[in-house]
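Engineer: Would you mind keeping the following structure in view while I ask a few things?
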Amino acid sequence: MIRARSWRSLIVVLGMMWLLPVALVSQPISTHQTEADRIVYTVSLAGTRTHLVHVEMRLPSGEPARAVQLPVWNATYQIRDFAQYVNWVKAKTPNGNPLPLVHTDKTTWRIDGAQDGAIVEYEIFADEGGPYGAQLNAHHAFFNFAEILMYPVDSRAMGIDLVFTDLPQGWKMATPLESAGSGFQAANYDRLVDSPVEIGTFDEADFDEGGGHYRVVVDADKADYNLYKIVADLQKIVAAATAWMNDRPFQTYVFLYHFPRHRGGGGMEHAYATAIDLNPEALNNTLEVLDIVSAHEFFHLWNVKRIRPQSLEPIDYTKENYTRALWFSEGVTSTVEDIILSRAGLLKEHRYLQILGEQISYLEDSPARPLQSAEESSLDAWLERYSYYSQPQRSISYYNIGALLGIMLDLGMRENSQGHACLRDLFQWMNRNYAQQGKFFPDSQGVAQAADAVAHGDYSSFFRKYVSGVEEIPWDDFFRNVGLHVVRKKVSVAEVGFVAGRSFDQPAAVAQVDGGSEAEKAGLAIGDVLLEINGHEPGPDFERKLQQLHAGDTLKVRVRGENGERELHWKISTREEVEFELQDVENISAQQKASRAAWLKGECQSAGDARP
Ligand SMILES: [Zn+2]
């Protein structure tokens, strides 16, 4: 069932809040019995034209000397130093007397004399769009709170109240945070910052599925999407995923979408929500990309949010949490995303195998493949913002290799157990033994233990060879049981002569120029920023568009380098690549066909399927 949500009552509340004097609305919310031991944030949205967010943080009484910090990273495994946007910070007593405040490192401020509590005020610039950003403008506000809200170092576990003030008339809010009085509350800072908020004039629908309530929020041009179709697909996705996990660890889940015209896409997972940006071009005629990203982020509510590697906890907001487990937390999430879509009827066998072939080709054609393991690629995730690191000669993708390892592990477990155990059991086992017990799993070793437990085998060699090691994956050994084998084809692909990349907050830049190539002869240099490619700004899919060029085509680029802007042009040449395609084995048996059908649906015959 889909129904448009009525926001009238909330708008009335917000309108009233807007009219109240600031001193009144910034009082702690009175519904809590322990209000003395809560932190109260008041966030003003008055700066829609300047992108300046005014934050007031009220700390309860406690130690006289306190430190407050703004995270340097949040969820994306990239150091981003949000303190760069803090214009000023002040502190005072609850009575309004100024308190001494010292800036002790790039992201920390120390207050003295705060024994009776303190009010910390600051101004922060927020104009980065996208699911990993924080933005306030005349159109809307979207926040990942870790980017704008400081925390007291000695009380990150304290309960929190959050109030927004100065909302433009007619704006409404969508967030997975729990409502409380005229604002929201969270059990602690970690919970707070795992809850994005969209504030504006968005479109919304909601539906119930299997006892859970789902809200779908879209802030985009109405010409670019059909909410009814999106909801129809999401309903199938959440039904397939919760059934596959035999679990629904939430009452309400929120899907937040933006479809910006001039930016790339991406999704950010949260425990009770996801925020997803897609370029409208990706939504032309098909919801395939939206379905893939939505299924991926939705499955993250288990894998990484609840089934969580120990290395990511406790979160250190001041520096990197190094982890070797992203091949599992990200890559195998991609494996399951396709299983969910297949079960939901949104990904047919032919397309599934086509995507799988492309993934194998991508891995096998990566020059860094024999040099970097899946675990090392996870550990070095923090280097991905640098274009040199991101080129295929230097690093592999833990998404790509992890997705393939998830499939091989699934196929291996099926073969060893004669179809009785599979990846589904592994996830349900990890959900029961870690997530539901409030425990974190010991990274790759924990995955290996789970595989041993559910498939009653020894998976240590699999992990030694392919997870921590760089051995070639013998594809056909894994695919034989489901009647498939890999066919290698030599293909000629257009060779542009350079590699360019883009970190999420950087313009597209040249990371590598092939020696002796036409690009080098034309004068292209590493570090050149790509301003135009054949007369167009490099859009979010510029790499895909480059791949679509043909040998003999002329490529014209405008770049900005050390010595200003240049126009360059050269002819596209060709290069040989090996393409991998999955095909049926000869004389495929009924048994192989049955195994394949079960594999594509993520089904196995173990107890995990029978539980209610
Ligand atoms: Zn992910």
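Engineer: Every residue in the stretch 377-394 that is crowded, with 23+ Cβ neighbours inside 10 Å and within 17 Å of PRO367 (Cβ to Cβ), please.
Structural biologist: Result: SER377, single match.
Engineer: Also: In the stretch 243-260, is there at least one residue being free of Cβ contacts under 8 Å to residues at least 60 places away in the same chain, in a loop (DSSP other than H, G, I, E, B), in contact with a Pro (Cβ under 8 Å, 6 or more places away or on another chain) and not aliphatic (A, V, I, L, M)? Talk me through it step by step, then tell me what you get.
Structural biologist: Initially, the stretch 243-260 is screened for residues free of Cβ contacts under 8 Å to residues at least 60 places away in the same chain, giving 248, 250-251, 255, 257, 259.
Next, only the ones that are in a loop (DSSP other than H, G, I, E, B) stay: 248, 250-251, 259.
In the following step, the residues that additionally are in contact with a Pro (Cβ under 8 Å, 6 or more places away or on another chain) were identified as 259.
Then drop every residue that is not not aliphatic (A, V, I, L, M), which leaves 259.
So far as the stretch 243-260 goes, yes, one or more of its residues are free of Cβ contacts under 8 Å to residues at least 60 places away in the same chain, in a loop (DSSP other than H, G, I, E, B), in contact with a Pro (Cβ under 8 Å, 6 or more places away or on another chain) and not aliphatic (A, V, I, L, M).
Engineer: Residue under question is GLU375, and the condition is that it be more than 16 Å from the ligand (Cβ to nearest atom) and outside any loop (DSSP other than H, G, I, E, B); does it hold?
Structural biologist: Details: more than 16 Å from the ligand (Cβ to nearest atom): yes; outside any loop (DSSP other than H, G, I, E, B): yes.
Judged against the criteria, GLU375 is a match.
Engineer: Among the listed residues ALA522, ALA597, ALA590, identify the single one that is of a type in the set (Gly, Ala, Ser) and surrounded by 13 or more Cβ atoms within 10 Å (Cβ to Cβ). Walk me through it before giving the result.
Structural biologist: Details: ALA597 fails: surrounded by 13 or more Cβ atoms within 10 Å (Cβ to Cβ); ALA590 fails: surrounded by 13 or more Cβ atoms within 10 Å (Cβ to Cβ).
Criteria check complete, one pass: ALA522.
For every residue, the table says whether it meets (1) in contact with a strand residue (DSSP E or B) (Cβ under 8 Å, 6 or more places away or on another chain); (2) within 26 Å of ARG385 (Cα to Cα); (3) at pLDDT 90 or above.
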residue	(1), (2), (3)
PHE478	no, no, yes
GLY483	yes, no, yes
VAL493	yes, no, no
ARG502	yes, yes, no
PRO507	yes, yes, no
ALA522	yes, no, yes
GLY527	yes, yes, no
HIS536	no, yes, no
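Here is a yes/no grid of residues against (1) over 20 Å from the mean Cα position of the chain (by Cα); (2) closer than 20 Å to ASN303 by Cβ:
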residue: ALA157; (1), (2): yes, no
residue: PHE164; (1), (2): yes, no
residue: GLN169; (1), (2): yes, no
residue: SER179; (1), (2): yes, no
residue: ALA186; (1), (2): yes, no
residue: ARG215; (1), (2): no, no
residue: ASN246; (1), (2): yes, yes
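Engineer: Another one. Among the numbered criteria (1) touching a residue at least 40 places away in the same chain (Cβ under 8 Å); (2) under 26 Å from LEU312 (Cβ atoms); (3) in a helix (DSSP H, G or I); (4) within 24 Å of the chain's Cα centre (by Cα), which single criterion is violated by ARG385?
Structural biologist: Here ARG385 clears every test but (3).
Engineer: Now for a separate question. Search the stretch 197-208 for residues that are more than 20 Å from LEU136 (Cβ to Cβ) and pair each with any residue that is among the aromatic types (Phe, Trp, Tyr) when their beta-carbon atoms are under 8 Å apart and the residues are at least 6 apart or on different chains.
Structural biologist: Taking only residues 6 or more apart or on different chains, the pairs are GLU204/TRP7; ALA205/TYR228; ASP206/TYR214; PHE207/TYR214; ASP208/TYR214.
Engineer: Okay, moving on. Cβ-Cβ distance below 7 Å, separation of 6 or more or different chains: which pairs start in the stretch 423-443 with a residue that is of a type in the set (S, T, N, Q) and end on one that is surrounded by 15 or more Cβ atoms within 10 Å (Cβ to Cβ) and not in a helix (DSSP H, G or I)?
Structural biologist: Filtered contacts from the stretch 423-443: GLN428/ASN246; ASN431/ASP247; ASN431/TRP302; ASN431/ILE307.
Engineer: I need the full set of residues from the stretch 297-315 which are among the β-branched types (Val, Ile, Thr) and not in a loop (DSSP other than H, G, I, E, B), in order please. Write out each step before concluding.
Structural biologist: Of all residues in the stretch 297-315, those among the β-branched types (Val, Ile, Thr) come to 304, 307, 315.
Within the stretch 297-315, just ILE307 meets the criteria.
Engineer: If I filter the stretch 261-270 down to residues being touching a Pro at 6+ places or on another chain (Cβ under 8 Å) and either within 14 Å of the ligand (Cβ to nearest atom) or among the β-branched types (Val, Ile, Thr) (or both), which single residue comes out as nearest to ALA344 (Cα to Cα)?
Structural biologist: Our first condition is that a residue be touching a Pro at 6+ places or on another chain (Cβ under 8 Å); within the stretch 261-270, this holds for 261, 263-268, 270.
Filter once more, so that each one left must be either within 14 Å of the ligand (Cβ to nearest atom) or among the β-branched types (Val, Ile, Thr) (or both): 265-268, 270.
On the way: GLY265: 23, GLY266: 22, GLY267: 20, MET268: 22, HIS270: 22 Å.
My answer is GLY267.
Engineer: Return the residues of the stretch 450-488 that are in a helix (DSSP H, G or I) and surrounded by fewer than 17 Cβ atoms within 10 Å (Cβ to Cβ); say none if nothing qualifies. I'd like the intermediate steps shown before the answer.
Structural biologist: Of the residues in the stretch 450-488, the ones in a helix (DSSP H, G or I) are 450-455, 460-467, 475-482.
Within the stretch 450-488, ASP452, ALA453, SER460, SER461, ARG464, LYS465, ASP476, ASP477, ARG480 meet the criteria.
Engineer: Suppose we keep only residues that are in contact with a helix residue (DSSP H, G or I) (Cβ under 7 Å, 6 or more places away or on another chain) and of a type in the set (A, V, I, L, M, F, W, C) within the stretch 88-125. Which one would you say is nearest to THR50 (Cα to Cα)?
Structural biologist: Pass one, the stretch 88-125, residues in contact with a helix residue (DSSP H, G or I) (Cβ under 7 Å, 6 or more places away or on another chain): 106-107, 124-125.
If we keep only those that are of a type in the set (A, V, I, L, M, F, W, C) as well, we get 124-125.
Details: ILE124: 10, PHE125: 8 Å.
Selected residue: PHE125.
Engineer: To continue, here is another question. Can you name the strands (runs of 3 or more DSSP E) wholly within the stretch 49-127 that have at least 3 residues being surrounded by fewer than 20 Cβ atoms within 10 Å (Cβ to Cβ)? First the steps, then the outcome.
Structural biologist: Numbers: elements: 52-59, 66-69, 86-92, 101-105, 108-111, 118-125.
Where strands (runs of 3 or more DSSP E) fall fully within the stretch 49-127 and carry at least 3 residues being surrounded by fewer than 20 Cβ atoms within 10 Å (Cβ to Cβ), they are 52-59, 86-92, 101-105, 118-125.
Engineer: I'd like the full set of residues that are in contact (Cβ under 8 Å) with a residue 60 or more places away in the chain, basic (Lys, Arg) and either closer than 14 Å to GLY402 by Cβ or not in a helix (DSSP H, G or I) (or both), limited to the stretch 316-358.
Structural biologist: LYS319, ARG324
Engineer: Tally up the residues in the stretch 205-242 that are part of a helix (DSSP H, G or I), among the basic types (Lys, Arg), out of contact with any helix residue (DSSP H, G or I) (no Cβ under 9 Å at 6 or more places or on another chain) and surrounded by 17 or more Cβ atoms within 10 Å (Cβ to Cβ), please.
Structural biologist: Here the count works out to 0.
Engineer: Out of all the residues in the stretch 364-372, is one or more of a type outside the set (A, V, I, L, M), more than 25 Å from ALA75 (Cβ to Cβ) and not in a loop (DSSP other than H, G, I, E, B)? Show your work before the answer.
Structural biologist: Within the stretch 364-372, the first condition is being of a type outside the set (A, V, I, L, M), and the residues that meet it are 364-367, 369-370, 372.
The next check asks that each one be more than 25 Å from ALA75 (Cβ to Cβ); those that pass are 364-367, 369-370.
Pick out the ones that are also not in a loop (DSSP other than H, G, I, E, B) and you get 364.
Yes, some residue in the stretch 364-372 is of a type outside the set (A, V, I, L, M), more than 25 Å from ALA75 (Cβ to Cβ) and not in a loop (DSSP other than H, G, I, E, B).
Engineer: Now for a separate question. Going through the stretch 556-595 one residue at a time, which ones are of a type in the set (S, T, N, Q) and within 30 Å of GLN354 (Cα to Cα)? Spell out how you get there, then give the answer.
Structural biologist: Taking the stretch 556-595 and keeping what is of a type in the set (S, T, N, Q), we get 563, 573-574, 583, 587, 589, 591-592, 595.
Result: SER573, THR574, GLN583, ASN587, SER589, GLN591, GLN592, SER595.
Engineer: Under the condition of being of a type in the set (Asp, Glu) and within 11 Å of the ligand (Cβ to nearest atom), which residue from the stretch 295-338 is farthest from GLN69 (Cα to Cα)? Lay out the reasoning, then the answer.
Structural biologist: From the stretch 295-338, those of a type in the set (Asp, Glu) are 297, 313, 316, 320, 330, 337-338; that's our starting set.
Filter again for within 11 Å of the ligand (Cβ to nearest atom), leaving 297, 330, 337.
Details: GLU297: 28, GLU330: 28, GLU337: 36 Å.
Step by step, filter the stretch 295-338, then rank; the result is GLU337.
Engineer: For GLU415, indicate whether it is more than 16 Å from the ligand (Cβ to nearest atom), of a type outside the set (A, V, I, L, M, F, W, C), surrounded by fewer than 22 Cβ atoms within 10 Å (Cβ to Cβ) and closer than 14 Å to VAL467 by Cα.
Structural biologist: On the way: more than 16 Å from the ligand (Cβ to nearest atom): yes; of a type outside the set (A, V, I, L, M, F, W, C): yes; surrounded by fewer than 22 Cβ atoms within 10 Å (Cβ to Cβ): yes; closer than 14 Å to VAL467 by Cα: no.
Criteria not met by GLU415.
Engineer: A further question on this structure: Starting from the stretch 543-570, take each residue that is over 21 Å from GLY516 (Cα atoms) and list its partners that are buried (at least 16 other Cβ atoms within 10 Å of the Cβ), counting only C-beta distances under 6 angstrom and pairs at least six apart or across chains.
Structural biologist: From residues that are over 21 Å from GLY516 (Cα atoms), the pairs are ARG560/VAL529; ARG560/LEU531.
Engineer: Additional query: How many residues are within 16 Å of the ligand (Cβ to nearest atom) and surrounded by fewer than 19 Cβ atoms within 10 Å (Cβ to Cβ) if we restrict to the stretch 275-294? Break it down stepwise before answering.
Structural biologist: Filtering the stretch 275-294 down to residues within 16 Å of the ligand (Cβ to nearest atom) leaves 275-278, 289-294.
Adding the requirement that they be surrounded by fewer than 19 Cβ atoms within 10 Å (Cβ to Cβ) leaves 289.
So the answer is 1.
Engineer: Ok, one more. Quick one: which residue in VAL578, VAL585 is loosely packed, with under 14 Cβ neighbours inside 10 Å, among the hydrophobic types (A, V, I, L, M, F, W, C) and in contact (Cβ under 8 Å) with a residue 24 or more places away in the chain?
Structural biologist: On the way: VAL585 fails: loosely packed, with under 14 Cβ neighbours inside 10 Å.
None of the others qualify; the one that does is VAL578.
The values are calculated or read from the model by the stated rules, or taken from the named source; none is laboratory data. Source: prediction; values computed, not measured. Every residue, glycine as well, gets a Cβ built from its backbone with ideal geometry; the counts of neighbours run over all protein chains shown.
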